[in-house]
Each structure stands twice: as structure tokens, then as C-alpha cells.
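For reference, the structure discussed in these notes is given below.
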């Protein structure tokens, strides 16, 4: 018989059973709560009857992925051994910046554009504010951001010889400056407060960044924060084979220093040229790195028309079929993505000799006269022109 049942005036649960109600615990609580209740009941057997003193339940600390890592500086010249942090193998980590006047701790993720991928195991190093060596001050400012310099031990001298952490795509893990400077949906307010207090971002630089990305993050445009900006010719970017729109790529225009959105329809990549159904279908899923290049088609060169194409430079996630085709199309008829080849698509409505097409976009496409699309078309034309100039 439970010791609580023998106690006069024992506490009762809503079901009129002695406290603690074992069946209710087993029925409504997790296994850890049940185990803690059993331990508490067993420890109370040595207490005198009528005693209301119960042993306190030990409080567990925060999980390792939530425990914030303290960072006192993001200036590479002022880094000390106390700024060395260890990164747990979690999808998000939390940091505490000593010079920030914001209590909110922003989560730092590792996964885009590959979802639900945690940080690698056993990594450590120094977080710092990265500024690239670019002759253009505007380009250098927009390419700056937060990075992690890998170091196996808390020795600031290892910073100069270390390498930066890479993301799942193979690019340096990087949080661009506009994600914690732009006021709309500011993602990292604590980082912004720390950088401003440390003098790494001045008021003039903040105004420059906000002016450069205004056409991308302005609420009137209804566009999200840019995820990737192209600044140089041949710069690579990730592409997902199952996406229907190439989104998140923005172009840096030299004449005005403005990031302009660049969106293309990927309809549908690597589809079967012999598919009998008219429904758009993306047969492959996977991730690769790609880059834009000018079309070298003799027909385009002879006509003087400017076309841009995409070439796969490296496979990150090998392509796999989304599901089995239900229209009798054999897998051998599918256009398989290949590393180093141009991106192609199939059009079953064309004659046999023209069903396999290279994906391309016409740079000099005339403006579409549609209501509410004037600004978007102007940004698209400016982005295509800048992309053509940097792809020489």
C-alpha cells in the first residue's frame, strides 16, 4: 500500500485516487515524469507519517543545442581565447553577444537550402565579421557577414592559419550582412546590436546596405530576404531539381549598387521528351551547384540575340527519381542531370528533333505589358543585363 494512502488527509487527484496517481501518471505523462514520480515516492517512505516535506525535484539544465555560447568580439584583431566556441551537432545553435543590448538570442542554422541538416560533429572555432578584399566598397560591404573560422583549440594564433566552416553545398558558411541590418523582419537583432556597438558597422554603412537591398526586402515588393547574391562572373549557386522556380538569386548591378531579384521558371528540368502527359513533371530530386554562362550556339551568335544558359558544375546530392512514372515511360527516356553539362529540358509537344532543349533565357526579352509588373520587369531586365556583363 502506498505511503500516501495511509496518510491522514492525503491529497487526492480529480479521480479521487491517492496522490501521486500512478495510473494517471502512466496515462497522461511521459516516461521521464513517471520515473521521477516513482523515485520521489520511494524516497518518501523514510519520512514520518504526516510530514509534508518532500524532496525537491532536481532541475535539468538546458539542452546542449540551446545553451548559448558567449562571444565578446567579432573583430578578428581582438579575438581572445575566451571567444573560442564549440558547436554541437544540432540544426540550430544559440549565441550570446556581450555588447548586445537585445535580450533575444537568435538561432543560427546550418541547413539551407538542404533542410533539416545539423551542424557537423566536433567543430569549434572563432566567430568573426568577414569583409572580402574587393576594390569596390559597395561590393565589399554587401559581401560581408558572419563566418566561423575553424580552430581545434582556444588559441587565437590559429585564426590566421585556419579555414572557414563550409555549408552542405560546399560554400563558406556565411550569414550575409543584410539579414541583420534590414529592418523588415530582422533575423538577428542581437548580432546587429553587437556589431554596431563594436564599431564594425557604422551608421553610413547601415544606410548603404538598406538602400542596396530596398528593392528586394521592401514590403511593397512582397519579396523575402535575399538568400544568395551574385557579384562576379562564374559565381556558383545551388539549384534544386524539383523546384519549379529558381528563386533567391539576386544580382549586384554596378551602375547603382542595387541588388535586383532574378527569378526564372524551371519548367520542367530534365523532363522526358517522350512523356505522354501534358502535366508539368519534375522527375528528379537532388541538389547541385550551377553557374550562368553566355550561349555559344551558332544560331544565337549569327542572329545577335543574347541568351544565358546554366551549367552544372558539381553534384551535391545525386539525382534520384521522385517516383515511378505511371504513363509507361521507361527510365531510359528520362534526361538525367550530369555534372559539367548544360541544364536541359524536354518538350513532348515539339517535333522529335527539337524535343530536347537546352534551358536558356532571352536577355533582350521585351517588357510585358501587364498591370502591376512594370517595376518587376524593370528589375528583371536590369538583373539580366548585369548578369550578361559579368558572364563574359
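If you check residue 73 against the conditions, is it surrounded by 15 or more Cβ atoms within 10 Å (Cβ to Cβ) and under 20 Å from residue 160 (Cα atoms)?
yes
Kindly indicate which of 67, 52, 77, 82 is more than 21 Å from the chain's Cα centre (by Cα), under 26 Å from residue 155 (Cα atoms) and modelled with pLDDT under 70.
Values: 52 fails: under 26 Å from residue 155 (Cα atoms); 77 fails: modelled with pLDDT under 70; 82 fails: modelled with pLDDT under 70.
So the residue among 67, 52, 77, 82 that is more than 21 Å from the chain's Cα centre (by Cα), under 26 Å from residue 155 (Cα atoms) and modelled with pLDDT under 70 is 67.
Can you report the number of residues in region 367-392 which are part of a loop (DSSP other than H, G, I, E, B), at pLDDT 65 or above and out of contact with any strand residue (DSSP E or B) (no Cβ under 6 Å at 6 or more places or on another chain)? Step through it out loud before you land on a result.
Restricting attention to region 367-392, the residues satisfying the condition of being part of a loop (DSSP other than H, G, I, E, B) are 367-373, 391-392.
Okay, now just the ones that are also at pLDDT 65 or above, so 391-392.
With the extra rule that they be out of contact with any strand residue (DSSP E or B) (no Cβ under 6 Å at 6 or more places or on another chain), the set shrinks to 392.
Within region 367-392, residues that are part of a loop (DSSP other than H, G, I, E, B), at pLDDT 65 or above and out of contact with any strand residue (DSSP E or B) (no Cβ under 6 Å at 6 or more places or on another chain) number 1.
I need the full set of residues from region 97-123 which are outside any loop (DSSP other than H, G, I, E, B) and either assigned by TED's automatic domain parsing to the domain that holds residue 260 or within 20 Å of the chain's Cα centre (by Cα) (or both), in order please.
Taking region 97-123 first, the residues outside any loop (DSSP other than H, G, I, E, B) are 97, 107-109, 123.
Passing the criteria: 107, 108, 109, 123.
To keep it simple, each residue is scored yes or no on (1) modelled with pLDDT of 80 or more; (2) closer than 30 Å to residue 177 by Cα; (3) surrounded by 15 or more Cβ atoms within 10 Å (Cβ to Cβ).
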| position | (1), (2), (3) |
| --- | --- |
| 231 | yes, yes, yes |
| 245 | no, yes, no |
| 264 | no, yes, yes |
| 290 | yes, yes, yes |
| 301 | yes, no, no |
| 326 | no, no, no |
| 329 | no, no, yes |
| 338 | yes, no, no |
| 342 | yes, no, yes |
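Of the conditions (1) without any contact (Cβ under 8 Å) to a residue 60 or more places away in the chain; (2) closer than 19 Å to residue 259 by Cβ; (3) within 19 Å of the chain's Cα centre (by Cα), residue 206 clears all except one; give me its number.
Single failed check for residue 206: (3).
For region 130-142, check the following and say yes or no: at least one residue is in a helix (DSSP H, G or I), surrounded by 17 or more Cβ atoms within 10 Å (Cβ to Cβ) and without any contact (Cβ under 8 Å) to a residue 40 or more places away in the chain. Write out each step before concluding.
Filtering region 130-142 for residues in a helix (DSSP H, G or I) gives 137-142.
Narrowing the set further to residues that are surrounded by 17 or more Cβ atoms within 10 Å (Cβ to Cβ) leaves 138-139, 141-142.
Imposing the further condition that a residue be without any contact (Cβ under 8 Å) to a residue 40 or more places away in the chain reduces the set to none.
No, every residue in region 130-142 fails to be in a helix (DSSP H, G or I), surrounded by 17 or more Cβ atoms within 10 Å (Cβ to Cβ) and without any contact (Cβ under 8 Å) to a residue 40 or more places away in the chain.
The values are calculated or read from the model by the stated rules, or taken from the named source; none is laboratory data. Just so we're clear, the structure is a prediction, and the values are computed from it rather than from any experiment. When we count neighbours, we look across all protein chains shown, and the Cβ atoms used for this are built from the backbone with ideal geometry, even at glycine.
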